[in-house]
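Chemist: Pasting in a structure now, in structure tokens, and then I'll have a few things to ask.
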Amino acid sequence: DTPLRDLGAAKGKVIGTAVTGSRLTGTYGDLAGAQFSSLTPGNAMKWGSVEPVRNSFDWAEADQIVAFAQAHGQQVRGHTLVWHSQNPSWLTNGSWTSAQLGTLLQNHIATEAGRYKGKIAAWDVVNEPFNEDGTYRSTLWYDGLGADYIANALTWARAADPAAKLYVNDYNVEGVNAKSTALYNLVRSLKERGVPIDGVGLQAHLVVGQVPSTLQQNIQRFADLGVDVAITELDARMTLPSDSAELAQQKADYKAVTAACAAVARCVNLTVWGFTDSDSWVESTFPGQGAATPYDANYAPKPAYYGIAEALGGT
Ligand code: G3I
């Protein structure tokens with residue numbers, strides 16, 4: 001079979017996967033290197049990973065993933081600079097004034113995006129800022145700094161790494177709905193204000209059989225706004241044990257998502273959130289569900305793998 005990265009390249013699409021650094025050897029490393037043209041560290045670049053103790057940094061896994069990507073001719077998607085989750089406890093347990101919080105965030109972005117300057121194709125600068133109804137999520141950042149934390153984070157990220165494409169990333173924004181419309185309005189307003197914003201990430205943590213019918217239309221409206229779109233965290237979970245009907249539906253779902261991205265020129269990257277069922281967040285978060293990725297736990301390609309390939313013109 002032609003590797004997904006080559007099929008994607010022929011269509012102008014970067015095909016990525018989230019990875020765990022410690023697993024990048026053996027079959028896992030071989031597949032990650034051969035099949036994908038972009039890597040996203042699944043956890044290694046989150047604030048809690050890189051600065052577990054204040055002013056004491058651990059870049060080992062992030063550096064390892066960046067080096068692996070460079071050795072394999074791959075892009076890196078940085079994930080993520082500003083989030084409400086997986087922050088270090090010294091940060092979340094501290095009591096900070098608004099001014100202190102702003103300085104902490106600015107320094108964090110300067111430090112991390114600065115460390116990888118020139119090596120990151122795109123940063124998920126802000127992750128998951130919205131509630132389902134399109135209001136801003138109450139977080140450390142929103143509560144302490146107001147909605148302008150988003151514009152400021154983007155501005156600081158641009159200063160730290162001018163070549164990186166800067167994204168806002170969220171889930172349940174794949175179809176046209178209240179949450180994706182809030183993201184749309186945010187991007188429009190940022191662009192009107194001259195704030196650097198290059199793209200939106202649609203995570204696409206899906207349930208088998210539930211690809212939104214408005215996915216392509218939604219991708220297109222962001223493209224028409226003048227930003228790139230990436231499918232950043234694609235997976236499609238099913239009730240376990242998986243059966244052939246679920247696996248067939250999952251293939252159709254992966255194919256539909258890939259086809260929607262392929263149909264819009266500004267949809268530049270399609271990334272799966274783990275390529276093997278042995279390296280997925282789903283089973284621990286949704287007991288009784290899983291099998292959400294394109295390869296099974298023994299690294300055999302599932303029908304979903306061929307769904308991606310077929311949508312990219314492969315077999
Ligand atoms: O590192 C510790 C390890 O030392 C410990 O032994 C083990 C025991 O549970 O936990 C390990 O940490 C886990 C970490 O993943 C690394 O495996 C955390 O408990 C676990 O909560 C964490 O889950 C991550 C999750 O984000 C946290 O919200 C998933 O791996 C990661 O795939 C997931 O990714 C998020 C994206 O960043 C944003 N969008 C949603 C997506 C899925 O939740």
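Chemist: Test of understanding: among Pro52, Pro41, Pro3, which residue is within 11 Å of the ligand (Cβ to nearest atom) and either surrounded by fewer than 22 Cβ atoms within 10 Å (Cβ to Cβ) or more than 19 Å from the chain's Cα centre (by Cα) (or both)?
Modeler: On the way: Pro41 fails: either surrounded by fewer than 22 Cβ atoms within 10 Å (Cβ to Cβ) or more than 19 Å from the chain's Cα centre (by Cα) (or both); Pro3 fails: within 11 Å of the ligand (Cβ to nearest atom).
From the options Pro52, Pro41, Pro3, the qualifying one is Pro52.
For (1) of a type in the set (Phe, Trp, Tyr); (2) within 13 Å of the ligand (Cβ to nearest atom); (3) in contact with a Gly (Cβ under 6 Å, 6 or more places away or on another chain); (4) touching a residue at least 40 places away in the same chain (Cβ under 8 Å), each residue gets a yes or a no:
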| site | (1), (2), (3), (4) |
| --- | --- |
| Gln35 | no, no, no, yes |
| Ile65 | no, no, yes, yes |
| Gly73 | no, no, no, no |
| Ser98 | no, no, yes, yes |
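Chemist: If only one of Arg266, Arg237 is of a type in the set (D, E, K, R), under 18 Å from the mean Cα position of the chain (by Cα) and more than 16 Å from the ligand (Cβ to nearest atom), which one is it?
Modeler: Arg266
Chemist: Grab the helices (runs of 4 or more DSSP H) fully contained in the stretch 204-310, keeping just those with 3 or more residues being among the polar types (S, T, N, Q).
Modeler: Because the criterion is at least 3 residues that are among the polar types (S, T, N, Q), the helices (runs of 4 or more DSSP H) in the stretch 204-310 that meet it are 215-225, 244-262.
Chemist: Can you pull out every residue in the stretch 121-161 that is part of a loop (DSSP other than H, G, I, E, B) and free of Cβ contacts under 8 Å to residues at least 40 places away in the same chain?
Modeler: Matches in the stretch 121-161: Ser138, Gly146, Ala147.
Chemist: Could I ask something else about it? If you scan the stretch 113-139, which residues turn out to be over 21 Å from Gly78 (Cα atoms) and more than 14 Å from the ligand (Cβ to nearest atom)?
Modeler: The answer is Asn131, Glu132, Asp133, Gly134, Thr135, Tyr136, Ser138.
Chemist: From (1) touching a helix residue (DSSP H, G or I) at 6+ places or on another chain (Cβ under 7 Å); (2) surrounded by fewer than 18 Cβ atoms within 10 Å (Cβ to Cβ), pick out the condition that doesn't hold for Phe130.
Modeler: (2)
Chemist: Take Tyr167 and tell me if it is surrounded by fewer than 19 Cβ atoms within 10 Å (Cβ to Cβ), within 16 Å of the ligand (Cβ to nearest atom) and among the aromatic types (Phe, Trp, Tyr).
Modeler: Against the criterion (surrounded by fewer than 19 Cβ atoms within 10 Å (Cβ to Cβ), within 16 Å of the ligand (Cβ to nearest atom) and among the aromatic types (Phe, Trp, Tyr)), Tyr167 does not qualify.
Chemist: What about Gly175, is it in contact with a Ser or Thr (Cβ under 6 Å, 6 or more places away or on another chain), more than 16 Å from the ligand (Cβ to nearest atom) and part of a loop (DSSP other than H, G, I, E, B)?
Modeler: When the stated conditions are applied, Gly175 passes them.
Chemist: I need every pair where a residue in the stretch 165-180 that is free of Cβ contacts under 8 Å to residues at least 40 places away in the same chain has its Cβ under 7 Å from the Cβ of a residue that is in a loop (DSSP other than H, G, I, E, B) and within 16 Å of the ligand (Cβ to nearest atom), sequence separation at least 6 or different chains.
Modeler: Partner pairs satisfying both residue conditions: Ser180/Val173.
Chemist: How many residues, within the stretch 199-215, are surrounded by 19 or more Cβ atoms within 10 Å (Cβ to Cβ) and either away from the ligand (no atom under 16 Å from the Cβ) or among the small types (Gly, Ala, Ser) (or both)?
Modeler: 7
Read-outs: derived from the displayed coordinates by stated rules, not from any lab. All values reported here derive from a predicted model rather than from experimental measurement. Glycine gets a Cβ as well: all are built from the backbone with ideal geometry, and neighbour counts include every protein chain shown.
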